[in-house]
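First up is the structure itself, then whatever we jot down about it.
The values are calculated or read from the model by the stated rules, or taken from the named source; none is laboratory data. Everything numeric here is computed off the predicted structure, so don't read it as measured data. Cβ sites come from the backbone with ideal geometry, for glycine too, and all protein chains shown count toward neighbours.
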Amino acid sequence: MKLGSDSDAPRLILVTAPGRDVATALARGLVERGLAACVNLVDGVTSIYSWEGKLQEESELLLLIKTRCAHLQAIEDFLRSEHPYDVPELVALSPTEVETRYYQWMLDSTEPKPNP
């Protein structure tokens, strides 16, 4: 299925976390809130980066978050409040194609919830 950039367009978001407990809590929080259809936790990531003028090398987990474009701001807000890093990674990628049934499942799983 070819995809556009409207609010239902799929997004794959990359986020790193310092350990399994944190990554699992973030993933569960996103899925429970309906902000993500699925979050994969990828072990064995080594990140090398500069922070506060020093070269850093850390073991992390990578979260692959499947969601819709409409939830990007809510996910950013969630990460600001729940992620332990001062500046959590949030890189949103736009897929050019997603299998039709998976895309529909993703939309169904992330249907915006009405405010009570």
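Looking only at the stretch 8-19, how many residues end up being farther than 16 Å from residue 78 by Cβ and either charged (D, E, K, R) or surrounded by 14 or more Cβ atoms within 10 Å (Cβ to Cβ) (or both)? If you could, list the steps in order and put the result at the bottom.
If we filter the stretch 8-19 for residues that are farther than 16 Å from residue 78 by Cβ, which is where we start, we get 8-10, 12, 18-19.
Right, trim to either charged (D, E, K, R) or surrounded by 14 or more Cβ atoms within 10 Å (Cβ to Cβ) (or both) and you get 8-10, 12, 18.
Matching residues across the stretch 8-19 total 5.
Does residue 83 qualify as being under 21 Å from residue 6 (Cα atoms), touching a Leu at 6+ places or on another chain (Cβ under 7 Å) and of a type outside the set (Gly, Ala, Ser)? Show your work before the answer.
Working: under 21 Å from residue 6 (Cα atoms): no; touching a Leu at 6+ places or on another chain (Cβ under 7 Å): yes; of a type outside the set (Gly, Ala, Ser): yes.
No, not satisfied.
Here is a check on your reading of the model: is residue 109 surrounded by 14 or more Cβ atoms within 10 Å (Cβ to Cβ) and hydroxyl-bearing (Ser, Thr, Tyr)? Before the answer, list the steps.
On the way: surrounded by 14 or more Cβ atoms within 10 Å (Cβ to Cβ): yes; hydroxyl-bearing (Ser, Thr, Tyr): yes.
Yes.
Could you check residue 44 against (1) out of contact with any Pro (no Cβ under 9 Å at 6 or more places or on another chain); (2) at negative phi and say which number it fails?
(2)
How many residues are among the aromatic types (Phe, Trp, Tyr) and under 16 Å from residue 37 (Cα atoms) when one looks only at the stretch 67-94?
To start, the set of residues in the stretch 67-94 that are among the aromatic types (Phe, Trp, Tyr) comprises 78, 85.
Subset that is under 16 Å from residue 37 (Cα atoms): 78.
Counting residues in the stretch 67-94 that are among the aromatic types (Phe, Trp, Tyr) and under 16 Å from residue 37 (Cα atoms) gives 1.
Of the residues 112, 88, which single one is at pLDDT below 95, part of a loop (DSSP other than H, G, I, E, B) and in contact with a helix residue (DSSP H, G or I) (Cβ under 9 Å, 6 or more places away or on another chain)? Steps first, answer last, please.
Values: 88 fails: at pLDDT below 95.
When all the criteria are applied, what remains is 112.
Among the residues of the stretch 1-16, write down those that are over 11 Å from the mean Cα position of the chain (by Cα) and modelled with pLDDT of 95 or more. Give the steps one after another, and end with the answer.
If we filter the stretch 1-16 for residues that are over 11 Å from the mean Cα position of the chain (by Cα), which is where we start, we get 1-10.
Hit for the stretch 1-16 is 10, nothing else.
Pick from 22, 39: which is crowded, with 16+ Cβ neighbours inside 10 Å and under 11 Å from the mean Cα position of the chain (by Cα)? First the steps, then the outcome.
On the way: 22 fails: under 11 Å from the mean Cα position of the chain (by Cα).
Result of the check over 22, 39: 39.
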